[in-house]
1. Applying the selection to the stretch 404-459, what residues are under 17 Å from residue 476 (Cα atoms), within 35 Å of the chain's Cα centre (by Cα) and of a type in the set (S, T, N, Q)?
2. Scan 216, 194, 221 and give me the residue that is outside the structural domain of residue 385 (by TED's automatic domain parsing) and surrounded by fewer than 18 Cβ atoms within 10 Å (Cβ to Cβ).
3. Go through the stretch 314-328 and count every residue that is within 18 Å of the chain's Cα centre (by Cα) and of a type in the set (Phe, Trp, Tyr).
4. Could you tell me whether the stretch 505-517 includes any residue that is modelled with pLDDT of 80 or more, buried (at least 20 other Cβ atoms within 10 Å of the Cβ), within 32 Å of the chain's Cα centre (by Cα) and not in a loop (DSSP other than H, G, I, E, B)?
5. So which of 90, 95, 63 is in the same structural domain as residue 190 (by TED's automatic domain parsing) and either more than 18 Å from the chain's Cα centre (by Cα) or without any contact (Cβ under 8 Å) to a residue 40 or more places away in the chain (or both)?
6. Are any residues in the stretch 361-406 outside any loop (DSSP other than H, G, I, E, B) and among the polar types (S, T, N, Q), and if so, which ones?
7. How about the stretch 390-435: which of its residues are β-branched (Val, Ile, Thr) and either under 30 Å from residue 447 (Cβ atoms) or at pLDDT 85 or above (or both)?
8. Quick check, is residue 284 at negative phi and in a loop (DSSP other than H, G, I, E, B)?
Amino acid sequence: MAAETTVQPQAPASSSAERVQAWTLTIVCVTTFMLLLDVTVVNVGLPSIRDSLQASFADTQWVIAAYTLTMAAFLLTSGSLADQIGRKRVFSIGVVVFTLSSLTAGMAVDPLMLDVARGVQGVGGAMLFAVGLALIGQEFHGARERGRAFGLWGSVGGLAFAFGPLIGGFLTQSLSWRWIFLVNVPIGVFAFVATLLRLRESRNPHAHRIDWAGMATFGVAVGLLLFAFMAGNKLGWNCPPIVLAFGFGAALLVAFVVIQHFKGDAAMLDLSLFRNRSFNGVAWGTFLNNAAALSTVFLLISYMQNVLGYSAWDTGLRFLPLTMTLFVVAVLTGRLGSGVAPGLLLGLAIGLIAVGLGLVLLVHPGSSWTALLPSLIVTGVGMGMFNPPRAAVTVGVVGPARAGMASGMGQTFQQVGVAMGVSAFGALFQSCVVSEFAHSAAGQQLGGQADSVGRSIAAGDDLAGTVPAAQLDSVTAAGHIAFVHSLTEVVGFCAVVAAIGAALAFTLIRRRDLHQSALAPSVVQQTAAAAAPAPAPRQQPVPESVPEPVVNQPASGGLLVVEHRPDEVHQQS
């Protein structure tokens, strides 16, 4: 390459960089709020959707499943593609896809149209989730900067999680279930315009040709495996479609690994990422934590609504001890946690979640909702501590040029953990409820009907038309007991799974595995330090073996190129 000129950042450049940082964080937080809000409000609106569209229980399940499946399948593809063709470009496409599919979902006239729209929503959501963290990692460098940025990002997610049920209940009861999707449209329009006008384009300057074979094999493999896990409990685990989905999914996953191995530097996924101890620690810790924690949240929502009899709005209010604690702790973690070893912080976070899940054992059949308060508060603390360092380590193990790939893979572990956890622990919960109810006095009186009634109890279905009126009270009481006993049994197992995730985070994640960009101060910080009225410190030579990636600051619409050369700023018009 031709000799490069070193450009020393000046104060105006610092001011410009700060504005770009602020806009980047704002746009990513707004879209994250939109995505997470969509997840929580849809859960609240499912009963209204089922009544309005005359949908079956399977149809409403696919409203959730279609979104989860396509999002998980396209996360790695979106992140890797963004590194190659431009993160701003992929992010913009994601905003458009998500917004238009939200509009389509809000105008759905039948369950099929809604399910297809939700599947397309998942594709757009994958682009936003995978690229959003990479955009933050691109603009914010150093433990302190990234800690604050990811702390704010995590707290916004907590707000969406907190107010999603309340907003969903308000929209569903006051307007229509359609508005839980249509509310995304104005948010998406703002995000799209702001992205075009304010975000900088960035990509990997050494990117190779697009790995179409890798994208196809990975996406289809993840889709098939998740379909098998999500539908296996309903169709039967030995059902031919489920067996074939598991078989072909596993075969394609092996084929993907082989393809990536032979493509080398041109692969969409750098397999050496899995030789990094810290990435394995955060990936598998996230997988186990999300499988356990999010499954528990869904079960607790079902408990409050189906056993305690609260409405969606009242349930959301009673989850505020968890969600508001999550919000406050996420902000504090971002501001104060940068000086703590990431493995210690993540391990402590997942450990607190495990303790919080274990406190669900305080609930018994005669408890009020306040018996959950210790669990909700401790779990909220753990969840608030978890997301900021999780995001920082995920993109911090690689340089900014490959942040999209790392973010996409990390988010894949997160989404697959949720999908598999909800499916597996949901199936275990249903099995426990059926067994517990069948062995009760009321269940034995029903004879062969006990198993089907037990499944209805686990799903929260109305029993009025299922059992004789004379037995309804006794069956309902026995069902509540079976529900609570099964809840504590399954959530206790979830606590053990989360504890294993905490142990992995404690033992595997190390600060020395992080890339220099995650540790060194950014251009903004360096400029501010240089402008401070203090004696200039003695300069130390930068080791050539640890190059510091530098990001240029285009004056007007230039393409941001990441070069791994110390203290050099490049711009490609």
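1. Selection gives 430, 435, 452, 456.
2. Exactly one of 216, 194, 221 is outside the structural domain of residue 385 (by TED's automatic domain parsing) and surrounded by fewer than 18 Cβ atoms within 10 Å (Cβ to Cβ), namely 216.
3. Within the stretch 314-328, the first condition is being within 18 Å of the chain's Cα centre (by Cα), and the residues that meet it are 322-323, 326-327.
In the following step, the residues that additionally are of a type in the set (Phe, Trp, Tyr) were identified as 327.
So the answer is 1.
4. yes
5. Values: 95 fails: either more than 18 Å from the chain's Cα centre (by Cα) or without any contact (Cβ under 8 Å) to a residue 40 or more places away in the chain (or both); 63 fails: either more than 18 Å from the chain's Cα centre (by Cα) or without any contact (Cβ under 8 Å) to a residue 40 or more places away in the chain (or both).
When all the criteria are applied, what remains is 90.
6. 370, 375, 379, 387, 394
7. 433, 434
8. no
The values are calculated or read from the model by the stated rules, or taken from the named source; none is laboratory data. Small disclaimer: the values here were computed from a predicted structure and weren't measured. Every residue, glycine among them, receives a Cβ derived from its backbone with ideal geometry; neighbour counts consider all protein chains shown.
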